[in-house]
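What follows is one structure encoded as structure tokens, with my remarks underneath.
The values are calculated or read from the model by the stated rules, or taken from the named source; none is laboratory data. All figures in this text were calculated on a predicted structure; none of them were measured in a lab. FYI the Cβ positions are ideal-geometry reconstructions off the backbone, even for glycines, and counts take in every protein chain you see.
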Amino acid sequence: MLGCDWGTSSFRLKLVDRGARKIIDEVVSQQGISVMYNKWSEQSATDRLSFYAGYIKENLAILSARTGLLLNRAPIVISGMASSSIGIKELPYAGLPFSTDGSDVCAQWLSGQTGMQNKILLISGVSSTQDLMRGEETQLIGIAGFFDGGAGAEITYIFPGTHSKHVIVKNKRIVHIETYMTGEVFALLIEHSILGKSVSFPQRSALENDESSAFGAGVEKAFGAPLLNSLFSVRVNQLRDYLSKELNYFYLSGLLIGTELKSMQDGNRNKIVICGANKLHDFYQIALQYAGLADRVIVVPAERRDNAAVEGQIKIVEMLKTKPV
């Protein structure tokens, strides 16, 4: 099968050996749903479903050429923002509680509607009355079986990113969702506020030595002061030469991630699982150490993290086969 994780800002299409749970090949681009929607809106010749399907076909051709395999009949499973109001087709959210085995998923086959021979399964997201997510629930289905505790166990899954998600699972069911706009606020402050003049992008993103100390100082400041007050300390750091602009980058990151995690200090979380891309999991792991929660933290291994969406997609397809029609 083909597993597609189509987010707001990125597109990933993987050719999967479903039986072996093995990734054969993949294509990745920055043609996320937001870009695709804008491109579709700028033209009027093609309906939305066909327009998005056209981009999928382009990438199918790339995979086919690389592997020498005919893929025009392989089923395609798509999760992420593709089921949103700016996606291929908007689907309603599934509600809470939501089982982590995938049995409560809201999904729809689009076969015959896209101009493609491939059957396409579109997976929707999950919402509460106050929050929502698309894509993270599929990743969680893919990894939850490795981390779920026994009866009564409560686990917080953290998916860092532009809109960081905290997903609370109890008795193997999602019972609560919290979204933190940490990544987006970080970008806005650097690009559109006075703090941008006090920060510069570092040559390396690893948390080592001085970088780690600056990040930790930001986390500790966040734990002790309201964000709207503590943010100005970034400006002070630069004007008083307390930190270089590069180290201030890590300090600001610590302020925002510390603010996101601040409430967890008082919570009774049995286990905290971090499923973060790239180096983000390091930032969150260190911040949780400052919060005194290091003994409860598990970081999802890189290979399992990278394949979480596909593993969840496979489980959903298998679950749908067991449901009565």
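Quick check on this structure: which one of Val175, Val77, Val126, Val105 is modelled with pLDDT of 95 or more, within 20 Å of the chain's Cα centre (by Cα) and not assigned by TED's automatic domain parsing to the domain that holds Tyr37?
Val175
Against the definition (surrounded by 22 or more Cβ atoms within 10 Å (Cβ to Cβ) and among the polar types (S, T, N, Q)), how does Ser164 come out, yes or no?
It is true that Ser164 is surrounded by 22 or more Cβ atoms within 10 Å (Cβ to Cβ) and among the polar types (S, T, N, Q).
Within the group Ser9, Ser85, Ser50, which residue is part of a helix (DSSP H, G or I), out of contact with any strand residue (DSSP E or B) (no Cβ under 7 Å at 6 or more places or on another chain) and of a type in the set (Gly, Ala, Ser)?
Ser50
Do you know which residues across the range 121-171 are closer than 30 Å to Ser111 by Cβ and among the β-branched types (Val, Ile, Thr)?
If the condition is that a residue be closer than 30 Å to Ser111 by Cβ and among the β-branched types (Val, Ile, Thr), then Ile123, Val126, Thr138, Ile141, Ile143 are the ones that fit.
Return a yes/no flag: does the range 59-69 have any residue that is part of a loop (DSSP other than H, G, I, E, B), surrounded by fewer than 15 Cβ atoms within 10 Å (Cβ to Cβ), among the polar types (S, T, N, Q) and assigned by TED's automatic domain parsing to the domain that holds Glu136.
No; the residues of the range 59-69 include none that is part of a loop (DSSP other than H, G, I, E, B), surrounded by fewer than 15 Cβ atoms within 10 Å (Cβ to Cβ), among the polar types (S, T, N, Q) and assigned by TED's automatic domain parsing to the domain that holds Glu136.
How many residues are touching a strand residue (DSSP E or B) at 6+ places or on another chain (Cβ under 9 Å), surrounded by 17 or more Cβ atoms within 10 Å (Cβ to Cβ) and in contact (Cβ under 8 Å) with a residue 60 or more places away in the chain if we restrict to the range 174-197?
4
List the number of the failed condition for Asn209; all other conditions in (1) within 28 Å of Thr156 (Cβ to Cβ); (2) surrounded by fewer than 16 Cβ atoms within 10 Å (Cβ to Cβ); (3) not hydroxyl-bearing (Ser, Thr, Tyr) hold.
(1)
Can you name the condition, by its number, that Thr114 falls short on among (1) crowded, with 20+ Cβ neighbours inside 10 Å; (2) in a strand (DSSP E or B)?
(2)
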